[in-house]
Structures are given as C-alpha cells and as structure tokens.
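Scroll down for the structure; my scribbles are underneath it.
The values are calculated or read from the model by the stated rules, or taken from the named source; none is laboratory data. The shown structure was predicted, so the numbers you read here are calculated from the model rather than taken from an experiment. With ideal geometry, Cβ positions are generated from the backbone for all residues, glycine too; neighbour counts draw on all protein chains shown.
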Amino acid sequence: GIQVEQSPPDLILQEGANSTLRCNFSDSVNNLQWFHQNPWGQLINLFYIPSGTKQNGRLSATTVATERYSLLYISSSQTTDSGVYFCAVGRKGSSNTGKLIFGQGTTLQVKP
Amino acid sequence: NAGVTQTPKFRVLKTGQSMTLLCAQDMNHEYMYWYRQDPGMGLRLIHYSVGEGTTAKGEVPDGYNVSRLKKQNFLLGLESAAPSQTSVYFCASEGDYNEQFFGPGTRLTVL
C-alpha cells in the first residue's frame, strides 16, 4: 500500500516564526489533504490539494504530484496554530473508493 | 448544515459489553468512513461505505461491524468490546470532489 512520511515529527516555534512541514508519499495519488488536529482533538480541513498550490490566509500548501511530495507553509505562526498536522493521501481505483492513508503527523508547539 | 456529527462523544465500556456508534451527515454524500486513532498515530481505516446498503472492510476491521441502512447514517458496532479497542473513533464523509470531512470524534475506553 501507499506509504506516507511526514517531517519533522516535532517542531517548536516562537510566535511569529515561519515553518515548512513536508509530506512524502510512495505512489501516485489523486487525493491529498492536510488537516490540523487541535488540542481538543478536532480534525480541521486545511487543504484539499492533490496537485498545485493553494493559499488560505497565513497558510499555504504546494503538492508536486510527479515528485510525490507536498509542503505546508505556516507564516507568522500564532499560539492557536499549535496541535498536530496530518497529511493524508488516497487513490481512487477500480472500486472507486477514496480511502485516506494518514501520515504520523507533525506536532507543532508555538510559544508566546 | 451540521456537517458530520457523531454520537456519543464519550463512552466507557467493560470488556465484553457491546455498543453502537452513530455517524450522521447532512451533505448528501455517498461515501462514508470509520477510522480509529490511537496515541501518537495517524488515523487508520476500519470500514467504509460507497453508498446506502453497501459496506466494505478497511485496514483494521476485526472486532467491528457496520451498517448503512440510510444514506445519511453510518453505524459502527462493537459486539464484544476489548481493551485493545480503546481509541478515538472518527467518522468521515466524502462528496463528489474527493475531499473528506470529519466528525468531532468519539472517545471510547474499554476497561
């Protein structure tokens, strides 16, 4: 099956700093999503980005599908950005399902 | 538009007891999924459904059963709970464009 690796596993930032999180995957995909799991456990959709670049406020993401990686950029980090960031990928095959395979996550702590 | 909701939010069971987790979505999505999340890990797929009346096994299906009698609901059952099933359970639904939306989760402890 598809393998998903995220780096770094842990990240500590001072408020206002920028960061880049990486997601590598082992096979071609047609679904890639970034999620933020907040300290209360809620999974929040950040981006649906199987290819290309998207931006939403201080966050942006880029997926280079041909090279099998995706990057999540966080600029001017805030304490509310703390939590775990997951990359998840999927590929719809003949069964037409969209099963997502999750990476292990990057745990981000933003200090005031 | 509530999105994806899950019932209950928390539950404590004794080994051997049974229970059903309910997932409901109001987005008219065809695909629905049940995942579990264990400490320090990402989510793993338990079962999924591609439409009303259909179910299929995911990555970790043992000890669970599911039913999709109505399009908007996806039920996850534990017939005889075991401590290894202590976890946080997430339901998700998917629309036409592949993006999955997750419910708030159910935290289950099996003693």
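Select from the stretch B:3-45 the residues that are under 14 Å from B:Pro104 (Cα atoms) and of a type in the set (Gly, Ala, Ser) and write down the one among them that is nearest to the other protein chains (Cβ to nearest Cβ).
B:Gly3
Mind counting the residues in the stretch A:1-49 that are among the hydrophobic types (A, V, I, L, M, F, W, C), within 9 Å of another protein chain (Cβ to nearest Cβ) and part of a strand (DSSP E or B)?
Looking only at that region, the number is 4.
One line per residue, one yes/no per condition, for (1) polar (S, T, N, Q); (2) in contact with a Phe, Trp or Tyr (Cβ under 7 Å, 6 or more places away or on another chain):
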site	(1), (2)
A:Cys23	no, yes
A:Trp40	no, no
A:Pro50	no, no
A:Ser60	yes, yes
A:Asp81	no, no
A:Lys111	no, no
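Condition check: among the small types (Gly, Ala, Ser) and loosely packed, with under 13 Cβ neighbours inside 10 Å. Does B:Gly42 satisfy that?
no
Does at least one position in the stretch B:49-57 carry a residue that is crowded, with 21+ Cβ neighbours inside 10 Å and within 12 Å of another protein chain (Cβ to nearest Cβ)?
Within the stretch B:49-57 (the criterion being crowded, with 21+ Cβ neighbours inside 10 Å and within 12 Å of another protein chain (Cβ to nearest Cβ)), the answer is yes, since at least one residue qualifies.
As an exercise: evaluate A:Gly1 against (1) over 25 Å from B:Val88 (Cβ atoms); (2) surrounded by fewer than 16 Cβ atoms within 10 Å (Cβ to Cβ); (3) of a type in the set (Gly, Ala, Ser) and give the number of the one condition it does not meet.
All conditions pass for A:Gly1, except number (1).
Against the definition (touching a residue at least 24 places away in the same chain (Cβ under 8 Å), of a type in the set (Asp, Glu) and on the phi < 0 side of the Ramachandran plot), how does A:Glu15 come out, yes or no? Give the steps one after another, and end with the answer.
Working: touching a residue at least 24 places away in the same chain (Cβ under 8 Å): yes; of a type in the set (Asp, Glu): yes; on the phi < 0 side of the Ramachandran plot: yes.
So A:Glu15 passes the test.
Test A:Arg58 against the stated conditions and say whether it is touching a residue at least 24 places away in the same chain (Cβ under 8 Å), surrounded by fewer than 16 Cβ atoms within 10 Å (Cβ to Cβ) and touching a strand residue (DSSP E or B) at 6+ places or on another chain (Cβ under 8 Å).
It is false that A:Arg58 is touching a residue at least 24 places away in the same chain (Cβ under 8 Å), surrounded by fewer than 16 Cβ atoms within 10 Å (Cβ to Cβ) and touching a strand residue (DSSP E or B) at 6+ places or on another chain (Cβ under 8 Å).
Determine which member of the set A:Tyr73, A:Tyr69 is surrounded by 13 or more Cβ atoms within 10 Å (Cβ to Cβ), at pLDDT 95 or above and more than 22 Å from B:Met41 (Cβ to Cβ).
Working: A:Tyr69 fails: more than 22 Å from B:Met41 (Cβ to Cβ).
Only one candidate qualifies: A:Tyr73.
If B:Phe10 satisfies every condition in (1) over 21 Å from A:Gly90 (Cα atoms); (2) surrounded by 13 or more Cβ atoms within 10 Å (Cβ to Cβ) but one, which is the exception?
Here B:Phe10 clears every test but (2).
Based on this model, can you work out whether A:Gly52 counts as closer than 25 Å to B:Leu45 by Cα and either within 9 Å of chain B (Cβ to nearest Cβ) or touching a strand residue (DSSP E or B) at 6+ places or on another chain (Cβ under 9 Å) (or both)?
No.
Which of the residues spanning the stretch B:13-26 are closer than 20 Å to A:Gln42 by Cα and loosely packed, with under 14 Cβ neighbours inside 10 Å? Talk me through it step by step, then tell me what you get.
So in the stretch B:13-26, the residues closer than 20 Å to A:Gln42 by Cα come out as B:21-26.
If the condition is that a residue be closer than 20 Å to A:Gln42 by Cα and loosely packed, with under 14 Cβ neighbours inside 10 Å, then B:Asp26 is the only one that fits.
Within chain B, which strands (runs of 3 or more DSSP E) (wholly inside it) include 1 or more residues that are modelled with pLDDT under 95?
On the way: elements: B:4-7, B:10-13, B:19-25, B:31-37, B:43-49, B:65-67, B:73-78, B:87-94, B:100-102, B:106-110.
Result: B:31-37, B:43-49, B:87-94, B:100-102.
State all residues of the stretch B:75-98 that are within 14 Å of chain A (Cβ to nearest Cβ) and either buried (at least 17 other Cβ atoms within 10 Å of the Cβ) or in contact with a Lys or Arg (Cβ under 9 Å, 6 or more places away or on another chain) (or both); if no residue qualifies, say none.
B:Ser87, B:Val88, B:Tyr89, B:Phe90, B:Cys91, B:Ala92, B:Ser93, B:Glu94, B:Asn98
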